[in-house]
1. Restricting to bridges with both residues inside the range B:65-144, how much of the DSSP beta-bridge set is antiparallel, in percent to the nearest 5?
2. With an 8 Å cut-off on Cα pairs and a minimum separation of 6 or more residues, tell me the relative contact order of the range B:65-144 in percent.
3. Based on the Kirkwood radius over alpha-carbon pairs, what is the Stokes-Einstein translational diffusion coefficient of the range A:126-181 at 25 °C with 0.890 mPa s viscosity, in µm²/s?
4. How large is the Kirkwood hydrodynamic radius of the range A:253-388, in angstrom, based on all distinct alpha carbon pairs?
5. Relative contact order for chain A using alpha-carbon pairs under 8 Å, separation at least 6, rounded to a whole percent?
6. Give the B-A buried accessible area in Å², both sides summed, 1.4 Å probe, nearest 100.
7. I'd like to know how the range B:65-144 sits against the 2.2 N^0.38 Å rule of thumb: what's its Cα Rg over that expected value?
8. Rounded to the nearest 500, what is the 222 nm mean residue ellipticity of chain A from helices alone, with -39500 (n - 2.57) per DSSP H run of 4+ residues and division by all residues?
Amino acid sequence: MKKKDVAIIGYSETKINLQTGRSAYDLAGETFSLILDSVGIKKSEIDGLSVTNSFSEGANPLFASYMCDALGLTVSWLQVNGIGGASALCGVARAASAIRGGLCQTALVISADAPTTAWRSNFGAYRNEFQDPIGINGPPEMFGLIMTRYKAEYGLKVEALAKIALIQREHALLNKNACSKLKTPLTLNDYFNSRMISDPLRLLDCVMFCDGANAILLTKPENAKKLGIKKMVYPVVYAELTNFNGDKSCPNITETGFSIIGPSALRKAEMTPKDVKMFHPYDDFTIAVLMQMEQIGFCHRGEGSDFILMNEFSYNGSLPLNTGGGQLSAGQPGLAGGGVNLVEAIRQMFGEAGERQVQNPGNAIVTGIGVIPYARNWATSNIMILEV
Amino acid sequence: MKNNCDSQKPIPQPNLYINTRSFWEAAKQGKLILQFCPETGNYQHYPRPVSIFTGKRNIEWREVSGKGNIYSFTIVRSSLPGCENRSPYVIAIVELEEGVRILCNIHNCDPERVKIGTPVKLYWERLSGDINYPAFEPDKCFKK
């Protein structure tokens, strides 16, 4: 059931930074130019474009078309993705399907956002009446609710969350694209002394919004060879689930779609968690990393804290975790954040991760998380297994 | 008892995305009504344009008891814009007796003493002349 008929042939990423004063288009232009240079192809080879929605251009319903125009591309396939932090990963999956279906031959998946320079999004819907007056601004409050319930059902060792924050910070120190403000070493004391945001969620459990962009290029392997491209990574399995528990009035909020798609993706790849060489999970909050470990199947439900405390997640450890620092420590460039860990996984598999290079990473799991609904856990979970 | 920061809360605008006039009219009279799907016998909240159980528009408003218990909670300590005088404040998911959950603030309770399973009952917050907003308070014991 693994597919190797479409290949990832390149990636690029801008530096992630605060208040750049730049637009999503300008950041996209930079990452676009970088990927053309690194892959060594002309832009005329690209005939498909997937665009991740952005907070900074959220008021423009024609964003993908404007992006296509800004980049000077003429395409036979254009897609816009609006499943939040799951969008970059789903863009790769949709691009692969479009290539398989003959809608295009070579597709660019671009994610760019500048929410710390300009915020032009309004979620509308029920929020004005049923969420805003309560003082729920966004994900931190909802994750506080999820953590409290998890803690009550299973027990939560805070030092396990601290370990995630610390190891990812060590990785970010080795990543030249990581946000400058986050490039200071962290100690266990720093973690425990970081202020409570929304109990039991601390500041250092959370991502920080930044500006930035990233891109991925896909085509069929035979076309890649024709273009003289040597480095390839295959997105062999992909699964996605949106609006998990969306038809339940009292769902278990410690459960997510990963409990379904995680184990099934591994089965399709004919892998067990022990075979996974690198884990690049979506990391908006430390608890999200722990919950994914459990629900994808690295350990049993409720054993996430112990699993984290007993394993080594350094780039040279037994299960390298978000080796570029993840969004937690490299920064979350708005909705382009879903591409940060994806690009790092590809960089590692291309053997281009420099001093944090994982030895022979033959495969990787990359995930995405999107959209926090009313009184439930996250709405979209997606997972991709990459192989060389 | 009136929360001294009520005036800082965003005032909801009924009917922005679906017809919620009945909900706010009932609230003004101190009644909590929620959407009920008669085909499946289930409540749903927040209000939707269809039954989330059947996809049909056969839904009605029914009054609920306003009694339940705390399914989960968090204490918000950051000073969000417009909430400077409020923090720390408690946000909870309350599970009502009728089998439906509601996001809400918990009043008349020391935030540090809120627990999962705490029995709560309705507490109406007056946000404006027109809007009574549903919140909850402990049903008995450990008041401030």
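1. 95 percent
2. With pairs under 8 Å counted, the relative contact order is 30 percent.
3. 173 µm²/s
4. Taking every pair of different Cα atoms in the range A:253-388, averaging 1/r and inverting gives 14.9 Å.
5. Reported as a whole number, the value is 27 percent.
6. Protein heavy atoms only, the B-A interface buries about 3300 Å².
7. Relative to the rule-of-thumb radius for its length, the range B:65-144 sits at 1.07.
8. After summing the helix terms and dividing by the residues of chain A, the value is -9500 deg cm²/dmol.
The values are calculated or read from the model by the stated rules, or taken from the named source; none is laboratory data. Keep in mind the model is a prediction, meaning the values are calculated, not measured. Don't worry about glycine lacking a Cβ; one is built from the backbone with ideal geometry, like all the others, and counts go over all protein chains shown. Side chains included, ligands, DNA and RNA excluded: accessible areas come from the protein's heavy atoms. Shrake-Rupley method; radii C 1.70, N 1.55, O 1.52, S 1.80 Å.
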